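To start, the structure itself, in structure tokens.
The values are calculated or read from the model by the stated rules, or taken from the named source; none is laboratory data. The structure presented is a predicted model; accordingly, all values stated were derived computationally and were not measured. We place every Cβ from the backbone using ideal geometry, glycine too, and count neighbours over all the protein chains shown.
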Amino acid sequence: MVEVREETKLTLLEIYKETGIGLEGNILKLIDSEGEDEFSLYIKDCIDKDKDKRRKRLEITKQVQDQNKELIKAKEEIERVNEELKLSLKDVQKAKESVENDLDVLQKKTQYELINTIVRVALFVIIGVGVTTTILYMVSMFTGKDTQIIGSTWSNMFGILLTNAFSIVGTIMGVKYANKDK
């Protein structure tokens, strides 16, 4: 045990009375306070306060440790959810790409069918007009009618039909290739 001088005891008691600040920690276990009632009460009071402070610090430490455990669990849960979200995002992106590809194929198929129909109708009109004009020209020739007007009409008709046919096909091909990058 450590003996404390009388002057030190008086100084410690005076500080305690004026400010409420006393000794703390393991030093209290080493001080010999027997024999003097006031100093003995001071040491006992300091030991009690020290125990209370240690108990409070221990409780706070336990609370902090519990909170840290909860935070670690929450962090792990957040990481797990993030991984699930990343996987879901990848799945959604794959589904989106698949839908976009399907839509692109459907649009191309529809455009191809439309172009096919337009070309077919244009060819039928061209062939129909050409055949009709040719039949009229042949009937005129065999019946002995004047074929000069029908001949020039027949020639002009074929020129116009061919020009229009190529114009339609060119327009369709231009639209097709213009939309190719989109």
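Quick look at the numbers
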{"read-out": "Gly174 being assigned to a helix (DSSP H, G or I), at pLDDT 75 or above and either under 30 Å from Lys109 (Cβ atoms) or small (Gly, Ala, Ser) (or both)", "value": "no"}
{"read-out": "Residue, surrounded by the most Cβ atoms within 10 Å (Cβ to Cβ), within region 10-26, restricted to residues that are in contact (Cβ under 8 Å) with a residue 12 or more places away in the chain and in a helix (DSSP H, G or I)", "value": "Leu12"}
{"read-out": "Residue match in region 135-158 (condition: in contact (Cβ under 8 Å) with a residue 60 or more places away in the chain and in a helix (DSSP H, G or I))", "value": "no"}
{"read-out": "In region 1-34, the residues that are polar (S, T, N, Q) and closer than 25 Å to Arg55 by Cα", "value": "Thr19, Asn26, Ser33"}
{"read-out": "Those residues of region 1-38 which are of a type in the set (A, V, I, L, M, F, W, C) and out of contact with any helix residue (DSSP H, G or I) (no Cβ under 8 Å at 6 or more places or on another chain), in sequence order", "value": "Leu10, Ile15, Ile27, Leu30"}
{"read-out": "Criterion: at pLDDT 95 or above, surrounded by 10 or more Cβ atoms within 10 Å (Cβ to Cβ), part of a helix (DSSP H, G or I) and not hydroxyl-bearing (Ser, Thr, Tyr) - qualifying residue of Lys53, Lys73", "value": "Lys73"}
{"read-out": "Residue in region 115-123 that is of a type in the set (D, E, K, R) and closer than 30 Å to Gly22 by Cα present", "value": "no"}
